[in-house]
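Structure, as structure tokens:
The values are calculated or read from the model by the stated rules, or taken from the named source; none is laboratory data. If you're wondering where the values come from, they're calculated on a predicted model, not measured in any experiment. In this analysis, Cβ positions are derived from the backbone assuming ideal geometry, glycine residues included, and neighbour counts consider all displayed protein chains.
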Amino acid sequence: MVVVMKQGFSQAQMDEVKRAMEAGGVRVMVSRGAHTTILGAEGDTGGLDQEQLGQLPGVERVMRVSEPYKKANRKFHPDDSVIHLGGGVQVGGRKLAVIAGPCSVESREQIIGVAGAVQTAGAAALRGGAYKPRTSPYAFQGKGEEGIRLLREARQATGLPIVTELMSSDQLPLFEEGVDVIQIGARNMQNFDLLKKVGRTRKPILLKRGLSATIEEWLMSAEYVMSEGNPNVILCERGIRTFETYTRNTLDLSAVLAVKQLSHLPVVVDPSHACGRAWMVEGMAVAAVAAGADGLLIEVHNDPPNALCDGQQSLTPEQFAALMDKVRAVAHCVGREV
Ligand code: PEP
Ligand code: MN
């Protein structure tokens, strides 16, 4: 249940509403937006009297929230959330954030070279996998701790915040200390134990949509992180599995619009893993920006044919620079800056 306060309400009126809600057995989350202030009830709302709350001075209206996600719900937090990655970079709001880099960190020369190239082209953050979720146990599994060290060197060289995937809570201390954004991959979107653990940190979490997850399941995973106290969640649409096999996945751009209506969390789009084909990435990136995405995640490799992972969907630095030119033009049309 949420209580919407009237314009010009007093602090005493809000305190009174809060007390009445707490007396009904719930915790109260206050969201002060630019235009509205909202008191959201967390927990079992069975003890709340909707009509009585509606009659308290200063109350505009009281609404039941039927969705199972609360903290991620726009009804609880009407304004868009803006997540700070460090280094002055943010996701959400007017600026479009482009996160780019190789699927996997392979060597010092590779990651520092790609970091410099994507920065020059206008990327706001560097991605690179150190712990890789591969379908085959015989495929390259990532460089692990050494990969994190190399990412940190790339950050030092460029100033770009670094985004990398966490697969196991064993690595959480290393990530908490060393990386700027923790990515939870599609395959771990419903690893509830991992979600709770990253929820106990304050790191920004890039939460990819599960391979076959509904929008509600995805938002419930965000709720897991937020319910533990970490509000810094960025959603990432990366394609879902459908009957179509021409593309690696099917990019669900309608999810961007749905999520932005249902939730206040920013959403970025990853056309690389969605399409699985490099030649499609630019077109879908531009479409994602037109659809209202808050950012993009793009795989870029110095030598795609010889990449250790996902070369077929990786752009060269030159192709990425061309993509950025198009993205800037479309971003301008929809009132965003890059
Ligand atoms: C990745 O970003 O490298 C990755 C493995 O993505 P996903 O979890 O979306 O498959
Ligand atoms: Mn990849």
Practice item. For residues that are more than 16 Å from residue 313 (Cβ to Cβ), within 16 Å of ligand 1 (Cβ to nearest atom) and not acidic (Asp, Glu), scanning just the stretch 242-258, find the one that is nearest to the chain's Cα centre (by Cα). Key: 256
Review point. Do we have any residue at all in the stretch 295-313 that's within 23 Å of the chain's Cα centre (by Cα) and away from ligand 2 (no atom under 16 Å from the Cβ)?
Key: yes
**Study point:** Selection count where residues are small (Gly, Ala, Ser) and out of contact with any strand residue (DSSP E or B) (no Cβ under 9 Å at 6 or more places or on another chain), scope the stretch 100-154
**Key:** 6
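Each row is one residue, and each column tells you yes or no for (1) modelled with pLDDT under 95; (2) in contact with a Gly (Cβ under 8 Å, 6 or more places away or on another chain); (3) in the same structural domain as residue 157 (by TED's automatic domain parsing).
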| site | (1), (2), (3) |
| --- | --- |
| 74 | no, no, no |
| 78 | yes, yes, no |
| 93 | yes, no, yes |
| 97 | no, yes, yes |
| 110 | no, no, yes |
| 116 | no, no, yes |
| 120 | no, no, yes |
Point to revise | Residues (within 16 Å of ligand 1 (Cβ to nearest atom) and under 19 Å from residue 83 (Cβ atoms)) located in the stretch 226-241 | key: 233, 234, 235, 236, 237, 238
Point to revise | Among the residues listed as 290, 329, the single one being of a type in the set (A, V, I, L, M, F, W, C) and in contact with a helix residue (DSSP H, G or I) (Cβ under 7 Å, 6 or more places away or on another chain) | key: 290
Practice item. Within the stretch 121-142, count every residue that is away from ligand 2 (no atom under 11 Å from the Cβ) and either among the acidic types (Asp, Glu) or not in a loop (DSSP other than H, G, I, E, B) (or both). Key: 3
